[in-house]
Amino acid sequence: MAAPDELFCWEGDWGLPSVSTDCLVVLFILTKFTVFILKYPGICSPWRSPGGSLPALRTNQNETLSRPSDIIIHLRKQKFNADFDLSAKEGADSLAFISLLEEKLMPALIYTFWVEPKNFVEVTRRWYAEHMMFPLNFFLPGRMQSRQLEKLRLLRGDEHLEAGEELEKELYRDAAECMNLLSQRLGSHKFFFGDSPSSLDAYVFGHLAPILKCKLPNGKLQQHLKSLDNLSDFCSNILLLYFPRDSRAEPSAQKAPAAPEAGDFDNVPNKRRKQFLSALFALGAMLSYALLTGMVSIQHGHQEALEEPPDPEHIGAHEEEGDG
């Protein structure tokens with residue numbers, strides 16, 4: 001029997017199975033095919049992913065896929081098609097709305113979590129710093145922010161795009177327009193196309209759920225989403241139906257740390273050696289990840305450059321002897 005595919009995702013919080021939009025999209029798609037994916041651990045260490053990023057699907061043929069669209073195509077090749085029951089018109093509508101999400105809602109989502117100063121400092125950066133291992137938790141969130149800003153500039157088609165009140169108003173206006181159109185299309189239905197979720201439902205859920213569930217200092221986007229009852233109920237119902245364990249979980253900031261049971265440490269043989277080996281392995285993994293992603297570079301110099309320069313008087317003496 002072939003080994004199952006394995007999905008690597010960012011860990012969950014805020015009552016969500018993952019804090020990442022792309023991970024939420026993929027996880028929801030896979031809930032329709034629970035027999036297909038047998039393992040999908042939530043992690044907070046991109047270097048533990050086979051592709052160095054999250055999400056990542058490692059297939060039983062040792063192929064690694066990271067983009068949700070590529071993972072969905074892979075599932076279709078395995079005869080797991082979330083859009084199998086859609087008509088040609090519904091399929092075209094689905095693609096149009098997914099494009100609308102990427103064009104209108106995704107830029108506002110990036111701005112809300114990664115650019116807006118208070119949200120980034122008090123929520124996004126704090127969450128990743130608390131869930132990552134030392135020492136990457138000091139600089140990796142800032143590097144992730146830079147990449148998200150580059151993605152925002154690419155989506156907006158402006159390489160000189162800078163944060164500001166005018167940009168925020170424009171992005172939130174486009175996002176509100178997108179959510180209004182989605183609300184009109186959904187109406188009073190459970191899902192966008194019938195009684196079974198499609199890939200569009202996964203994309204909408206992945207984009208809206210973090211906005212709905214995360215407590216942000218600047219919650220303008222969240223306020224508009226909550227004013228659209230059918231979209232808010234859409235996200236809440238999906239969490240209850242497909243991720244009941246996560247929907248009942250408390251946010252990490254409200255969780256009380258669990259105290260170790262008496263005798264647990266005494267029952268672990270060679271505890272100090274295991275701790276040392278674990279720390280050594282983690283350090284090696286983090287350094288490898290930093291080198292592979294370009295966060296740390298090693299420059300090689302010529303051995304001659306390290307030597308002391310020759311004495312000019314000594315050179316002159318040799319030249320005089322040569323002339324003689």
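The values are calculated or read from the model by the stated rules, or taken from the named source; none is laboratory data. All values derive from a computational prediction rather than experimental measurement. Don't worry about glycine lacking a Cβ; one is built from the backbone with ideal geometry, like all the others, and counts go over all protein chains shown. The protein model used for the area step is the full one, side chains on, heavy atoms only, and it has no ligands, DNA or RNA in it. Shrake-Rupley method; radii C 1.70, N 1.55, O 1.52, S 1.80 Å.
Going by what's in this entry, would Phe97 be described as touching a helix residue (DSSP H, G or I) at 6+ places or on another chain (Cβ under 9 Å) and closer than 19 Å to Cys214 by Cβ? When the stated conditions are applied, Phe97 does not pass them. Filtered by the rule that a residue be within 15 Å of the chain's Cα centre (by Cα) and open to solvent by 10 Å² or more (accessible area, probe 1.4 Å), the stretch 188-219 gives a lone residue, Tyr203. With respect to the stated conditions, Phe113 fails to be touching a residue at least 40 places away in the same chain (Cβ under 8 Å), open to solvent by 10 Å² or more (accessible area, probe 1.4 Å), within 27 Å of Asn218 (Cβ to Cβ) and over 15 Å from the mean Cα position of the chain (by Cα).
From Glu150, Glu177, grab the single residue that is under 23 Å from the mean Cα position of the chain (by Cα) and either open to solvent by 70 Å² or more (accessible area, probe 1.4 Å) or within 28 Å of Ala88 (Cα to Cα) (or both). It would help to see each step written out before you state the result.
Working: Glu177 fails: under 23 Å from the mean Cα position of the chain (by Cα).
Criteria check complete, one pass: Glu150.
Among the residues of the stretch 54-91, those that are in contact with a strand residue (DSSP E or B) (Cβ under 9 Å, 6 or more places away or on another chain) and small (Gly, Ala, Ser) comprise Ala56, Ser66. Based on what the data block shows, is Asp266 at pLDDT below 90 and part of a helix (DSSP H, G or I)? Considered against the rule, which asks whether it is at pLDDT below 90 and part of a helix (DSSP H, G or I), Asp266 comes out as no.
Across the stretch 65-99, the qualifying residues are those that are open to solvent by 50 Å² or more (accessible area, probe 1.4 Å) and hydroxyl-bearing (Ser, Thr, Tyr), and the one among them that is nearest to the chain's Cα centre (by Cα) is Ser99. Apart from one condition, Ala129 fits all of (1) open to solvent by 20 Å² or more (accessible area, probe 1.4 Å); (2) modelled with pLDDT of 95 or more; (3) of a type in the set (A, V, I, L, M); the exception is (2).
Output the number of residues of the stretch 1-30 satisfying the condition of being hydrophobic (A, V, I, L, M, F, W, C) and part of a strand (DSSP E or B).
The total comes to 5.
Would the stretch 119-126 turn up any residue that is open to solvent by less than 70 Å² (accessible area, probe 1.4 Å), touching a residue at least 24 places away in the same chain (Cβ under 8 Å) and touching a Ser or Thr at 6+ places or on another chain (Cβ under 7 Å)? Scanning the stretch 119-126, I find at least one residue that is open to solvent by less than 70 Å² (accessible area, probe 1.4 Å), touching a residue at least 24 places away in the same chain (Cβ under 8 Å) and touching a Ser or Thr at 6+ places or on another chain (Cβ under 7 Å), so the answer is yes.
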